[in-house]
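The values are calculated or read from the model by the stated rules, or taken from the named source; none is laboratory data. Everything numeric here is computed off the predicted structure, so don't read it as measured data. Note that we place each Cβ from the backbone using ideal geometry, even for glycine, and neighbour counts take in every protein chain shown. Ligands, DNA and RNA are excluded from the accessible area calculation, which covers all protein heavy atoms including side chains. Shrake-Rupley method; radii C 1.70, N 1.55, O 1.52, S 1.80 Å.
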Amino acid sequence: MNWYFFRQILRGIYRNKFNSLVKIIGITLAIIPAMLIWSFIEHEKSYDRNFPGYEQIFRVIRNWQEDKKFGVHTSVPFLPALLKEFPEIETGTRLWPLYGQDAVVGDIIYNEEVILAADSSFFSTFRMDLLAGDKSTALNDPGSLVISKSSAGKLFGPDDPIGKNIEFEGTRFSTDNKLFTVKGVYDDFPLNTHLKGNFILSFQSFITSRNSNVTNHMLTTYIRLKNPQNEATVEEKLPKFMESFYGKQYYDYARSTYLLQPVTDIHLNTTVNYYEYEKAKGSYANIYIFPVLVFLIIIISCLNFINLTVAEGVSRNKEFGINKIWGAGKSYYFRTYISESLVLTFVALVVALFILDLISPLFIGFVERDLDLKLYSNPSRIGATLILAFLIGILNGIYPANLYSSKRMADYLKVKVDPSVKQYYVQKILQIVQFAICIFLIFGSFIVFRQLKYIDNKINQTLKSEDVLVIKNADKLESSQEVFMAELKKTNGILNVSLCGEVPGLADYSHWGLPVDSAAFNSHVAVFYTDHNYLDVLDMQLIKGRFFDPEFSTDNSAVVLNETAVKTLGWEADPLGKRYRLNDTFSVIGIVKDIHFTSLHNEIIPQGFFLAPINYAGRILVKVQSDMVPEALRNVRRLWTSFVPNRVIKYNFLNEDFDSWYKNERKTGLLAVLLTFIAIFLSGLGFLALVLLSIHNKTKEIGIRKVNGAKAREIIYMLNFKYVKLIAVAFVIASPLAWYAMHRWLQNFAYRTEITWWIFALAGSITLGIALLTISWQSWRAATRNPVEALRYE
């Protein structure tokens with residue numbers, strides 16, 4: 001490109017300053033979300049790929065009796081039996097997460113969200129190296145553990161941690177197994193792995209490791225295959241293995257399906273239940289939805305660019321005609337249009353990179369991921385970004401170049417040039433696509449927010465979670481639990497308290513036991529351990545019978561079921577008095593109304609409520625008076641300090657746990673709406689520029705019509721009506737596509753809102769309103785101008 005030609009390009013851009021600015025803004029607003037979403041997806045797909053030979057690592061998952069989700073729990077004897085029967089497996093390990101335990105070294109108390117208990121084969125399964133210690137023997141002996149590098153620094157400073165002792169406190173640690181010796185140090189788990197924890201303890205330290213019950217599913221099994229291609233072979237052999245493994249109890253689990261889940265699938269697969277500590281859970285939906293939205297924005301940006309370039313071409317007829325007389329061929333038009341497009345695109349890229357640097361901290365905080373958004377830190381990303389910008393520039397220039405290079409010389413020298421039939425229809429199609437994308441995005445945003453609103457209403461109808469406080473480490477009170485609760489009841493702002501093991505909002509419920517008086521003897525309930533006040537604290541509604549009462553000593557052998565459990569067990573006619581067996585046999589004394597204890601992604605589960613055994617329950621529910629929440633919280637903290645002065649209370653409100661279920665949906669919804677607003681803004685900006693050019697080209701026609709008596713409203717109608725027709729066609733195209741896409745998205749929820757006709761009408765009306773507001777102002781200005789000015793034009 002010589003200097004003279006480059007100056008021509010710059011003159012052409014400067015001559016259409018407003019349109020050039022619209023093009024730059026459009027490309028900038030396409031590149032920014034593209035780079036942000038690209039970095040986000042790149043990070044999401046990187047999970048658990050840091051383990052050497054990750055393709056060989058699988059987690060065993062179980063779908064019990066055609067449930068909607070797969071569970072991650074297996075029994076203690078499962079892995080040894082698996083290793084014995086399957087030569088395709090190289091090695092394996094069992095993981096048992098322990099929550100809310102305290103690590104104590106001298107005066108330092110280090111509260112851990114999660115601690116992992118694992119077999120000695122953990123490091124060979126994941127092929128992790130130790131920074132210190134022997135990984136082949138570090139977890140062999142009871143009372144041994146390995147510690148993360150960061151925790152070693154916090155607990156022992158610069159001293160060598162190997163051989164040092166750590167005392168643990170928590171419900172899983174007795175006086176016989178509370179002291180552990182550090183046998184190794186590992187590098188901290190990276191953020192892009194589903195594994196969490198700063199301590200890995202020898203699983204052999206716990207009595208649980210000797211549990212021989214094949215139906216007591218409580219831990220997770222990971223295996224490493226000798227060859228990843230053996231996955232299908234192992235899955236094919238699993239049903240026969242399970243029949244042998246369960247023995248006489250096989251019929252209870254005959255409808256269970258066991259599969260191998262690739263370790264790289266864990267972070268994104270929402271059809272598999274996940275552990276409580278996996279806070280930043282991903283979703284395949286995000287991997288597919290966000291690129292589609294960004295692609296639609298890029299399409300709108302390109303359509304704006306192409307439409308404006310084609311419309312501008314009318315004013316360049318004489319320039320192109322003269323160049324054609326002087327011998328300009330097709331290459332001239334391609335060089336001109338593609339060069340202009342590339343210059344504008346790379347200007348937009350520079351602007352986008354500057355804005356990206358400013359907003360990247362906000363985006364990182366919003367998605368709660370450790371993203372690297374610095375372009376210069378990743379050479380492959382630099383190359384990909386330049387290729388993206390280059391492709392956008394080329395694509396934006398090809399159609400206008402091809403259109404104007406195919407014209408005859410006589411067409412360029414005409415005073416007025418009408419578009420060809422082909423050009424006319426291509427432009428209309430491009431505009432229809434643009435309107436259809438807007439309708440699609442607006443409709444989708446309405447459905448997302450309608451579903452999130454439905455979730456909030458559905459939960460609030462059955463559970464007043466915002467006024468219930470959950471104390472999560474009540475086990476720290478030890479034998480003082482009852483006294484603490486008695487004092488809590490006397491505290492100002494506290495209405496009632498309940499000691500329990502399981503609470504709504506936390507999904508790690510254990511399904512076990514069998515009905516005695518039921519034909520559905522292979523059906524189980526989720527076991528919830530509670531006390532006498534549980535019903536009142538959660539405002540649960542009793543339908544039949546009664547709840548637990550301190551005056552009935554027989555309640556230690558009683559169970560209360562929810563409505564779903566009664567239906568599942570086939571006891572709708574007369575459930576009271578029916579028997580259900582755990583380790584002992586329990587009689588049904590009451591039925592409570594169903595409430596949502598888990599996400600609305602899942603159907604309500606069958607639940608059985610049992611009185612908690614002594615020293616079993618580790619959580620306290622506190623019902624707080626809604627107008628005294630700050631005072632009640634101060635009183636709870638003060639009372640806790642008086643009972644356990646050297647332990648920090650861990651608490652939150654119940655609605656916060658529920659909110660965590662839908663955090664991804666809310667963030668997805670907000671991000672989708674933001675991208676929709678960008679698309680609408682770009683469309684509006686493109687409409688405005690296009691209308692200005694259209695009015696500019698019809699200036700003399702408008703003047704003649706006014707001289708001949710046309711009224712302003714007739715002129716406005718003439719200029720606006722063609723866009724109304726285009727939006728009507730776009731509505732017909734976009735509606736079925738939008739319905740199908742959102743119908744598929746709603747299938748992720750067991751309980752979902754309806755897609756009603758008025759949402760379609762509203763999406764179309766908003767698109768029409770935005771277009772008409774953008775167009776009508778300029779149309780009115782053109783229709784009310786003095787016709788003399790219009791006739792003197794040109």
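Would you mind computing, in nm to one decimal, how far apart the modelled labels at TYR288 and ASP370 are, each placed 7 Å from Cα along Cα→Cβ?
Here the answer is 3.0 nm between the modelled labels.
Mind giving me the nanometre distance, one decimal, between the label points for GLU482 and ILE299, set 7 Å out from Cα along Cα→Cβ?
6.8
If DNA, RNA and ligands are ignored and the probe is 1.4 Å, what is the ranking of PHE449, PHE687, PHE677 by accessible area, most exposed first?
If we order PHE449, PHE687, PHE677 from most to least accessible, we get PHE677, PHE449, PHE687.
Would you check the accessible area of VAL272, probe 1.4 Å, heavy atoms only, in square angstrom rounded to 10?
Looks like 0 Å² after rounding.
Rg and Dmax of region 90-129 over Cα atoms: what are they, in angstrom?
Rg, Dmax (Cα atoms, Å): 13.3, 43.
Taking the Cα centre as origin and putting +1 on Lys and Arg beta-carbons and -1 on Asp and Glu beta-carbons, what dipole magnitude results for region 192-248, to the nearest 20 debye?
Charge dipole, region 192-248, about its Cα centre: 180 debye, nearest 20.
What distance in nm separates the two pseudo spin-label positions at ASP160 and ILE207, each 7 Å out from Cα along the beta-carbon direction?
Calculated label separation equals 3.7 nm.
With r defined as the distance between the Cβ atoms of ASP107 and THR641 and R0 fixed at 22 Å, what FRET efficiency is calculated, to the nearest 0.05?
0.80
Are any of the pairs LYS178/LYS281; LYS196/LYS476; LYS17/LYS722; LYS69/LYS374 more than 30 Å apart by Cα-Cα distance, and if so, which?
Beyond 30 Å: LYS178/LYS281; LYS69/LYS374.
Given R₀ = 60 Å, what would the calculated FRET efficiency be for ARG546 paired with VAL724, taking r from the Cβ atoms and rounding to 0.05?
So the FRET efficiency works out to roughly 0.35.
Please give the FRET efficiency for LEU130 paired with ILE387, using the beta carbon to beta carbon distance and R0 = 45 Å, rounded to the nearest 0.05.
About 0.60, to the nearest 0.05.
Considering only protein heavy atoms, what is the solvent-accessible area of SER642 at a probe of 1.4 Å, reported in Å² to the nearest 10?
The accessible area of SER642 comes to roughly 80 Å².
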